[in-house]
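The values are calculated or read from the model by the stated rules, or taken from the named source; none is laboratory data. Given the structure is predicted, the values throughout are model-derived calculations rather than measurements. Because the Cβ atoms are built from the backbone with ideal geometry, glycine has one as well, and the counts that use them run over all protein chains shown.
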Amino acid sequence: MSKLDRHLLSINDLSAAEAISILDTAFELSKVSDGPMKKLPTLRGRTIVNLFFEDSTRTRISFESAAKRLSADVINFSAKGSSVSKGESLKDTAQTLQAMGADAVIIRHGASGAAQRLADSGWISASVINAGDGTHEHPTQALLDAYTIRSKFPELKSDFAGLKVAIVGDILHSRVARSNVLLLKKLGAEVTLVSIPTLLPVGVEAWGVKVSYDFDLTIADSDVVMMLRIQSERMNESYFPTAREYSRGFGLDQSRLASLKTNAIVMHPGPMNRGLEISAESADSHQSVVLAQVANGVLVRMAVLYQLLGSN
Amino acid sequence: MSIVLKNSKLVDGSNVDIKFGEGLIQEIGSNLSGDEVVDLKGNLVIPGLVDLHTHLREPGREDSETVATGSLAAVRGGYTAISPMANTTPVADTAGVVEQVFMLGKEAGLCDVFPIGAVTQGLEGLKLAELGAMNSSRANVRIFSDDGKCVFDPLLMRRALEYVKSFDGIIAQHAQEPRLTAGSQMNEGIISSQLGLTGWPAVAEEAIIARDILLAEHVDSRLHVCHLTTAGGVELVRAAKARGVKVTAEVTPHHLLLTDDLVVGYNAVYKVNPPLRTQKDVLALRAGLADGTIDVVATDHAPHPNEDKDCEWQVAAFGMLGLETALSVVVAAMIETNLMSWADLVDRMSLAPARIAGYANQGIGIKVGQVANLVVIDASAKWTVDRNRMASKSKNTPFHDMKLPARVLKTYFHGKLVHEMATDGSAN
C-alpha cells in the first residue's frame, strides 16, 4: 500500500495507483466496519481538527466519524460564532491550532486555494486535508464517488477504462466537478460535462473532456450520471432565465430516468434540490446511489486519514 | 564643485567623459578634469528614468510606503521622476492633497515627485474632481486618473477628456469594465478554470480601451491607457494611432515577463490588477513596446504590507512592487531577447514618459546645459532580487530570488548623488 504525502489538497496530489490504493484501503476498512469492533486504534492519541469556515454539517460529520472510528481525538472549529467572524485571519487561526498541537487539519473554506495556502505557508506543520475550497476542489468527494462507482461496477479493478460518466449542471462553480474530472480522467474514464455554456468555465477546452449542451443525447450512452447542485444564488445572476427552464433542459426527471441504461447509476453529492436538478423519483429510484455515497464517504475519509497519519 | 564621470558609455556606443556642476551638465568630451573624478570603466550612463504610474500610499497608509521611502526605492531603480497615483486616503482629488504630496517629494529631495490627480471626487466615478485647481496648484498636475478604478460612465469620461484640453491635460484610464470583472481574481482562461478563481477576461479591458479611443477621437483629446495587458488591447491602440488618435499607452515590467500560470499555488504575491495574462499576451506586449505602439514602461509600483499578501488569495490585495526591479526586468524582457536596444529602452523609460507628461528637466537626454539627472548602470551585471533588501517599506515583489540582468550603480538628481550601490551589492 502506498503512502500519501503529507497533505491531500488536490486530486493532482495523487497518482492513479495512489488513488486506487485509497479505494482499496477503504474497502478493507469496510470489512472492519461491518464486523463487531467498529473502532480501530490506529490514530489513538492523535489530534484532528475540523476547521470549517463554511457550514457543511454533512462533510464535517463524515470526517468526524471517520476520525473517531480510527480513535483520533477530534476538535471541531467552526468559523461561525468564533474569532474568525470577528476578523481573525486564517493565519492566526492556523497558528493557534499549531500551538494546540494538531496533527491534521481538515479545512473547508470559501476561498479557492485556502487549503493550499494553509499547507504551503509555513504557518502550521500539521497535515492538511482539503474538505472543499471555494470553487476549486473537493478531493475526498471525488474519491468517495470513485469508490461508489467501483462498488457498483466491480469489473473496474485498477482503472476505469471504458466507463462513461456524465457530470451535469453548474460546472463553473463546482469543486466537486473539478475534483471528479481530475480523478475520473486519471483512472481512464470518459467524462462528458453536460451544461449550458454560461455554467461552463472559459478554459474548459483544456480539461480533456467532452462537452455537451444536450442532456438527452448524452444520457442514453452514460454508465454514470452525476448531478450537481444548483445554488440558489445563481438564479439572480442571469446564468439561465428561470429555474423551470433550467430544470426542463438539465434536470433528471422521470422521462430522462427512463432513458438511462438499465445498469447505469445516478449520483449526487448532496444536498439535493428535489424538483430542480433532480426529481424526487430519480433521487429515490433503485438506480440512485446517493445514500451509498454518504456511507462510503466515511470509509474513504478513514482511508485518507489512515494513509496520511497512520504509520508515523 | 564639479564632477567628471570618466569612461562613460552612452547608448550610442560612444565612450565619453561627462562633467557636471551646479546641477547642470557642463561638458561632454574626453580627458575632462574636475573637482571630483569618477572612473566608470565603461559602465553605461543614461538619463534618469521617469515613471508615470506609482503608488506611494502617503497620505493614509504610511505603514506600506511613504513619499520618502518610495523616492528612495525610485532612485535605487534609476528613476529621477515618479508619478504617485491619486488613490490615497484622503484621495488626491483636491489641490490641497496634491500639493501635500508634491511638497513631501520636495522634502525627500531624492527625485521629482509629480502627483497624478483624481478624475472624479473620491474616485467614485460620479462627479469630476477640481481638475483645474489641481492643475494650477504648485503641483501643476497634468495627468488625471482614477487608477484602481475605471472611469466607467461614458459621459463622465467624455467630459473629463474634454475638460482637460484647456491646459493640455491627459486622462489616464484604468481600463476595466466593472460588470465584466465583478469579483474577479485572475486572468480568465485555462488556469482560472483549473484553480476555480473568478476570471478577469481580456475583453473587459479591451471594451473600455475601444470605447475610450472612440471618445478621445470624437472630442480630439489626449487619452493615456494605463497598464495595457492584452494582445487585443495592443491591436486597438495600434489601429487608433494609425488613424491619428491622440492615444498613448503604457505597459508594466511585470506584464512583460510574468504569466498567469504563476498563480498555480495561490501565492498572492502574484495577485495584481490588471492580472498577469498569457504568454501570447506577453509576446504581443513586447512587440507593441518594441514598435512604439506602447509608448512607455510604467511600474505600477504598488506596495502592500505583509498581512495583505500572506493570506488566502481571495482576500489578498492586488499589486506588486516595481521601482527597484523595473529596469532589470525590461532588460530581461526586451534587450536580452533582442527586441530593443538600450537607446529604445531609454526612450520608453525616460524620454517618452517625460514627453507625454510634459515634465520639465526630465527625459531630455544627456546634453550640455541640461539638468544632470543621470544613472550609471552595470549592463553586464547579474543580481538576485532579495525582498528583504528593498528600500520600499513593503516586500511584495514577485521577482524575489529571481536572477536579473543589469544593475543601477549610481543615480544623480540635479547633479547630486542620491543613490550609490555599496560594494557588497546593497544600497546606501
Check your understanding: For B:ILE191, are the conditions met, namely being in a helix (DSSP H, G or I), away from every other protein chain (no Cβ under 12 Å), touching a residue at least 24 places away in the same chain (Cβ under 8 Å) and not small (Gly, Ala, Ser)?
Key -> no
Check your understanding: So B:VAL346 clears everything in (1) β-branched (Val, Ile, Thr); (2) at pLDDT 95 or above; (3) within 17 Å of B:TYR270 (Cβ to Cβ) except one condition, right? Which one?
Key -> (3)
Point to revise | So A:LEU156, is it more than 14 Å from chain B (Cβ to nearest Cβ), of a type outside the set (S, T, N, Q), in contact with a Gly (Cβ under 9 Å, 6 or more places away or on another chain) and crowded, with 22+ Cβ neighbours inside 10 Å | key: no
Practice item. Tell me which of these B:GLY183 doesn't satisfy, since it passes every other one: (1) within 14 Å of another protein chain (Cβ to nearest Cβ); (2) on the phi < 0 side of the Ramachandran plot. Key: (2)
Exercise for review: Looking at (1) at pLDDT 95 or above; (2) in a loop (DSSP other than H, G, I, E, B); (3) at negative phi, find the lone condition where A:SER71 falls short.
Suggested key: (3)
Review point. Out of region B:2-21, which residues are exposed (fewer than 14 other Cβ atoms within 10 Å of the Cβ) and either within 18 Å of B:LYS410 (Cα to Cα) or in contact with a helix residue (DSSP H, G or I) (Cβ under 8 Å, 6 or more places away or on another chain) (or both)?
Key: B:ASP12, B:ASN15
Point to revise | Among the candidates B:ASP308, B:ASP347, B:ASP295, B:ASP378, residue that is assigned by TED's automatic domain parsing to the domain that holds B:GLN185, charged (D, E, K, R) and over 17 Å from the mean Cα position of the chain (by Cα) | key: B:ASP308
Review point. How many residues does region B:194-221 hold that are at the interface with another protein chain (Cβ under 10 Å from one of its Cβ atoms), surrounded by fewer than 21 Cβ atoms within 10 Å (Cβ to Cβ) and either of a type outside the set (Val, Ile, Thr) or more than 21 Å from A:LEU200 (Cα to Cα) (or both)?
Key: 1
Check your understanding: Residues B:ALA326, B:ALA316, B:ALA343: which one is more than 14 Å from chain A (Cβ to nearest Cβ) and crowded, with 20+ Cβ neighbours inside 10 Å?
Key -> B:ALA326
Exercise for review: From (1) among the β-branched types (Val, Ile, Thr); (2) touching a His at 6+ places or on another chain (Cβ under 9 Å); (3) surrounded by fewer than 20 Cβ atoms within 10 Å (Cβ to Cβ), pick out the condition that doesn't hold for A:ILE278.
Suggested key: (3)
Review point. Out of (1) among the hydroxyl-bearing types (Ser, Thr, Tyr); (2) more than 25 Å from A:ILE61 (Cα to Cα); (3) out of contact with any Pro (no Cβ under 8 Å at 6 or more places or on another chain), what's the single condition that is false for A:TYR213?
Key: (3)
Check your understanding: Among the residues of region A:215-225, is any free of Cβ contacts under 8 Å to residues at least 12 places away in the same chain and over 24 Å from A:ALA283 (Cβ atoms)?
Key -> no
Check your understanding: Here are B:VAL237, B:VAL282, B:VAL263, B:VAL245: which of them is within 23 Å of B:MET85 (Cβ to Cβ), crowded, with 19+ Cβ neighbours inside 10 Å and of a type in the set (A, V, I, L, M)?
Key -> B:VAL237
Practice item. Look at region A:239-266 and say how many of its residues are in a helix (DSSP H, G or I) and of a type outside the set (A, V, I, L, M, F, W, C). Key: 9
Exercise for review: Mind listing whichever residues of region B:48-64 are among the basic types (Lys, Arg) and either closer than 26 Å to B:LEU351 by Cα or in contact with a Pro (Cβ under 7 Å, 6 or more places away or on another chain) (or both)?
Suggested key: B:ARG57
Check your understanding: In region B:24-97, which strands (runs of 3 or more DSSP E) lie fully inside it and hold 3 or more residues that are at pLDDT 95 or above and more than 30 Å from B:LYS127 (Cα to Cα)?
Key -> B:24-29, B:36-39, B:44-47
Revision key, fill the gap. By residue number, the members of region A:23-40 that are of a type outside the set (Lys, Arg) and either under 16 Å from A:PRO154 (Cα atoms) or part of a loop (DSSP other than H, G, I, E, B) (or both) are A:LEU23, A:ASP24, A:THR25, A:ALA26, A:PHE27, A:GLU28, A:SER30, A:GLY35, A:PRO36, A:MET37, A:LEU40
Review point. Does any residue of region B:333-345 turn out to be on the phi > 0 side of the Ramachandran plot and assigned to a loop (DSSP other than H, G, I, E, B)?
Key: yes
Practice item. Could you please give the count of residues in region A:91-134 that are within 13 Å of chain B (Cβ to nearest Cβ), in a loop (DSSP other than H, G, I, E, B) and of a type outside the set (A, V, I, L, M)? Key: 7
Study note, to complete from the structure: Within region A:272-288, residues being under 20 Å from the mean Cα position of the chain (by Cα) and hydroxyl-bearing (Ser, Thr, Tyr) number 1
Review point. Within the set of pairs 6 or more residues apart or between chains, which connect a residue that is closer than 11 Å to B:SER328 by Cβ and free of Cβ contacts under 8 Å to residues at least 24 places away in the same chain inside region B:391-413 to a residue that is surrounded by fewer than 20 Cβ atoms within 10 Å (Cβ to Cβ) and basic (Lys, Arg) with Cβ atoms less than 9 Å apart?
Key: B:LYS403/B:LYS382
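This table checks each residue for (1) farther than 20 Å from A:ALA146 by Cα; (2) in contact with a helix residue (DSSP H, G or I) (Cβ under 8 Å, 6 or more places away or on another chain); (3) away from chain B (no Cβ under 14 Å); (4) modelled with pLDDT of 95 or more.
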| residue | (1), (2), (3), (4) |
| --- | --- |
| A:ALA161 | no, no, yes, yes |
| A:ILE167 | no, yes, yes, yes |
| A:VAL176 | no, yes, no, yes |
| A:PRO201 | yes, yes, no, yes |
| A:MET226 | no, yes, yes, yes |
| A:SER232 | yes, no, yes, no |
| A:ALA243 | yes, yes, yes, no |
